[in-house]
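To keep things clear, I will list the structure first and then write my remarks on it.
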Amino acid sequence: MSAPTTTAAATTEPAATGGFSTVETPNGPFTVIADTDHRVLASGWTDDPDYLSALIHRALRPTSTLRSESLGSITDAVSAYYSGDHAAPSAIPVVQRSGGEFLEKAWDALRKVEAGYPVTYTRFAELAGEPAAVRAAATACARNAAALFVPCHRVKRSDGTLGGFRYGLSTKQWLLDFEAPEPVLSGVSDTIGG
């Protein structure tokens, strides 16, 4: 079960200091910025915390960030994902703020899309409770600051093409391939000669 994306109240004050850590992955360095409550504020395939910090809503953005070797369960979840536990990031709390109710509902809905079963933007809009809001669903993916933890890579166009992805279509395709269920071979015997 995924941890919800926490939407911040209007009175939330940004933390004075946040932490960030980078994990090496097959797709390159993956950096996470977290607040003092151990919630993901931003993440993605970059080694530049300033790039990620700029994606954080100003009401949540820490005034400074300190590098850490690890962010405990947060960076452990990234490592677990790349070891095959595709659900690990969904257990980590995330906080994002958009200034719009739909985007925040959409990010919560996106965390429930299972690895190996990508959805279309149309289906994503339905999951977010607004079937007609297909363009807004695409905007939710584009404005998502917490890649992997809010898995916007699991949304494709209705024609099956990838659509966009902040970290490149080759990374998006790699993630979808990595998450794809193993094919079941029918008619193949388990025994030799059998």
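The values are calculated or read from the model by the stated rules, or taken from the named source; none is laboratory data. From a predicted model like this one, the values you see are computed outputs, not experimental measurements. Every residue, glycine among them, receives a Cβ derived from its backbone with ideal geometry; neighbour counts consider all protein chains shown. In case anyone asks, the SASA skips ligands and DNA or RNA and just uses the protein heavy atoms, side chains included. Shrake-Rupley method; radii C 1.70, N 1.55, O 1.52, S 1.80 Å.
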Quiz prompt | the chain: angle of helix 169-179 to the longest principal axis, Cα-based, in degrees nearest 10 | solution = 60 degrees
Exercise. Please report, as a whole percent, how much of the solvent-accessible surface of the chain comes from carbon and sulfur atoms (probe radius 1.4 Å).
Key: 51 percent
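Rounded to the nearest 500 deg cm²/dmol, what is the calculated helix-only ellipticity per residue at 222 nm for the chain, with -39500 (n - 2.57) per DSSP H run of length n ≥ 4?
Values: 6 runs with 52 residues, N = 194.
Counting only the DSSP helices, I get -7500 deg cm²/dmol.
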Quiz item: How many angstrom lie between the C-alpha centres of the stretch 27-93 and the stretch 111-125?
Solution: 22 Å
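Between the DSSP loop rule and a limit of at most 11 other Cβ atoms within 10 Å, which trypsin sites (Lys or Arg not before Pro) in the stretch 10-106 are left? Please list the in-between numbers first.
On the way: sites: R39, R58, R67, R97, K105; in loops: R39, R58, R97.
Passing both the DSSP loop test and the Cβ count: R58.
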Quiz item: What nm value, rounded to one decimal, do you get for the distance between L66 and A180 when each label is placed 7 Å out toward the C-beta?
Solution: 4.5 nm
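Using alpha-carbon pairs under 8 Å, 6+ residues apart, how would you state the relative contact order of the chain in percent? If you can, show how the numbers build up before the last one.
Details: 347 pairs, mean separation 41.5, N = 194.
Taking the mean separation of contacting Cα pairs over the length of the chain, I get 21 percent.
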Quiz item: Does anyone have the angle between helix 73-82 and the longest principal axis of the chain? Alpha-carbon axes, 0 to 90°, nearest 10?
Solution: 30 degrees
Quiz item: When DSSP assigns beta bridges and you keep just the ones with both residues in the stretch 18-179, what percent turn out antiparallel, to the nearest 5?
Solution: 60 percent
Exercise. Calculate the radius of gyration of the Cα atoms of the stretch 18-179 to one decimal place, then report Dmax, the largest Cα-Cα distance, as a whole number, both in Å.
Key: 14.7, 44
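Report the rotationally averaged projected area of the stretch 66-117 based on its alpha-carbon convex hull, in square nanometres.
Values: hull surface 19.2 nm².
About 4.8 nm², averaged over all directions.
Given a 1.4 angstrom probe, what's the average accessible area per residue across the stretch 18-179, in square angstrom?
44 Å²
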